[in-house]
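The values are calculated or read from the model by the stated rules, or taken from the named source; none is laboratory data. Everything numeric in this text was worked out from a predicted model, so none of it was measured. Note that each Cβ is placed from the backbone with ideal geometry, even for glycine, and that neighbours are counted across all protein chains shown.
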Amino acid sequence: MIDLAAVRADTPAASRRIYLESAGASLPPEPVLQEQLAHLRREAEVGGYVAADERAADLDAGYGVFAELLGCRPDQVAFTDSASRSWVTAFEAVPLGKGDRVLVGEVEYASNAIPMLMRAEAVGASVEVVPSDEHGSFSAAALEEMLDDRVALVSVVHVPSNGGTVADVRRISDAAHRVGALVLLDACQAIGQLALDAEALDVDMVTGTGRKWLRAPRGTGVLVVRDRAAERLRPPVADLRGAVWTGPASYRLHRDAKVFELWENNAAARLGLIRAARYLLDLGPAEVERAVTARAAHLRTGLAALPGVTVHDLGTRRSGIVTFSVAGLAATAVRDLLAARDITVTASFAPSTLLDMSARRLDAIVRASPHYFVTEEQLDEAVAAVGALR
Ligand SMILES: Cc1ncc(COP(=O)(O)O)c(C=O)c1O
């Protein structure tokens, strides 16, 4: 069981406001904030390089921390500055030629879709959409129908930005592997709220961000590249972090996932990211998943009982993301009216998840994403506040 008093003591702002925006950018716990601040102060005293050298062992240990968190080996982990950076880095390295096919789900995220479409256009590949099943989730059955040996990549969003459904990733990866396709898992909304094991899911690449459910600093991200992908990927760029310049006309790419990193990074943010992952491991990812899922379910039930409120979440397995609308009020109006009462939610707009939102004829919905540090009383207060809006 999560010690609610302890995690709330680590998150002072959680008592000053009802914070339901961990799917956007969560509140970092004190140890994460202090880790970052201390490093920034040290950089100001001795310079960034010396400060980083002093923490070299901790920075290096970070690969092991994320390996433990995500179910992979330390040499399969690369650190980046966002989920999109991780995703584009992995995607651009997937060999793709004329006639190749990339399959995506209806809940694909815009920042993945755009580079996919750009590259497909450039090389003459196609991007095809796997229809959702009757529950609104990525349909493994429909995928199986569409697969052939021209499918180079299946892109799966574990938890979409705009709704509570959770993809049945293992079934999707098994099907994709039967035709030799690689599987790229966008776990941006999953890492930190769901216990995630890349080996058990048998996905080839995993991308995630720090600032959301992981409660890490902004400008941090992670990429996991497992062996099946590592053998095939061709990094489009590398600097002296990812490769060694061996002669006037030669270089050697590193064989581990560091080939996907660039040399410069924000060490304070990286240390904060590693601290956030340790914090999560100490709490226990399965405990966190239970707590988040329970809070979201509580919120959904409360909202669904309100007249004029429609809950939009689909799927048979639900995450910590709760989406809804209030009759007669724009999503932005709901967001702003709740903000005036110190309740933080956001609005999710169609262009972020265009296919799914268009299929459901939605322009914008309100998104509430309670983390484990939110109390049940706060959720009830938020429901009452939504009820009072009409
Ligand atoms: C499902 C999903 N994928 C990717 C991203 C992009 O993450 P980042 O902003 O860290 O690049 C988001 C951000 O909201 C997201 O919800």
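A few remarks follow.
- Per-region count, segment 83-111, residues of a type in the set (Asp, Glu) and within 13 Å of residue 233 (Cβ to Cβ): 1
- Taking every residue in segment 225-251 that is closer than 18 Å to residue 86 by Cα and pairing it with any residue that is polar (S, T, N, Q), at least 6 positions away or on another chain, the pairs with Cβ-Cβ distances below 7 Å are 225/76; 226/76.
- Scanning segment 41-58 for residues that are in contact (Cβ under 8 Å) with a residue 24 or more places away in the chain and either surrounded by 17 or more Cβ atoms within 10 Å (Cβ to Cβ) or among the charged types (D, E, K, R) (or both) returns 43, 51, 52, 55, 58.
- Output for segment 132-141, where each listed residue is surrounded by 14 or more Cβ atoms within 10 Å (Cβ to Cβ) and either part of a strand (DSSP E or B) or among the hydrophobic types (A, V, I, L, M, F, W, C) (or both): 132, 138, 140
- Those residues of segment 202-217 which are buried (at least 24 other Cβ atoms within 10 Å of the Cβ) and either outside the structural domain of residue 147 (by TED's automatic domain parsing) or in contact with a helix residue (DSSP H, G or I) (Cβ under 6 Å, 6 or more places away or on another chain) (or both), in sequence order: 203, 204, 205, 206, 207, 208, 209, 210, 214, 215, 216
- Of the candidates 68, 108, the single residue that is under 22 Å from the mean Cα position of the chain (by Cα), part of a loop (DSSP other than H, G, I, E, B), at pLDDT 95 or above and not aliphatic (A, V, I, L, M) is 108.
- In the set (1) within 16 Å of the ligand (Cβ to nearest atom); (2) in a helix (DSSP H, G or I), the condition left unmet by residue 43 is number (1).
- Checked against (1) closer than 11 Å to residue 373 by Cβ; (2) more than 16 Å from the ligand (Cβ to nearest atom), residue 65 meets all criteria but (1).
- Among the residues listed as 56, 51, 78, the single one being over 14 Å from residue 226 (Cα atoms), touching a helix residue (DSSP H, G or I) at 6+ places or on another chain (Cβ under 6 Å) and aliphatic (A, V, I, L, M): 51
- Some residue of segment 136-146 being in the same structural domain as residue 78 (by TED's automatic domain parsing), more than 13 Å from the ligand (Cβ to nearest atom), touching a residue at least 24 places away in the same chain (Cβ under 8 Å) and within 19 Å of residue 293 (Cβ to Cβ): yes
- Candidate set from segment 1-36 (those that are over 20 Å from the mean Cα position of the chain (by Cα) and part of a loop (DSSP other than H, G, I, E, B)); member that is nearest to residue 283 (Cα to Cα): 2
- One residue stands out among those in segment 78-131 that are within 15 Å of the ligand (Cβ to nearest atom), of a type in the set (Gly, Ala, Ser) and over 12 Å from residue 207 (Cβ atoms): the one that is surrounded by the most Cβ atoms within 10 Å (Cβ to Cβ), which is 105.
- The set of residues in segment 111-127 that are touching a residue at least 12 places away in the same chain (Cβ under 8 Å) and more than 22 Å from residue 208 (Cβ to Cβ) comprises 120, 123, 124, 125, 126, 127.
- The strands (runs of 3 or more DSSP E) found entirely in segment 206-273 that carry 3 or more residues being under 21 Å from the mean Cα position of the chain (by Cα) and within 16 Å of the ligand (Cβ to nearest atom) are 221-225.
- Of residues in segment 147-175 being in a loop (DSSP other than H, G, I, E, B) and small (Gly, Ala, Ser), the one nearest to the ligand (Cβ to nearest atom): 161
- Of all residues in segment 330-358, those being loosely packed, with under 14 Cβ neighbours inside 10 Å, under 16 Å from residue 136 (Cβ atoms) and within 14 Å of the ligand (Cβ to nearest atom) number 0.
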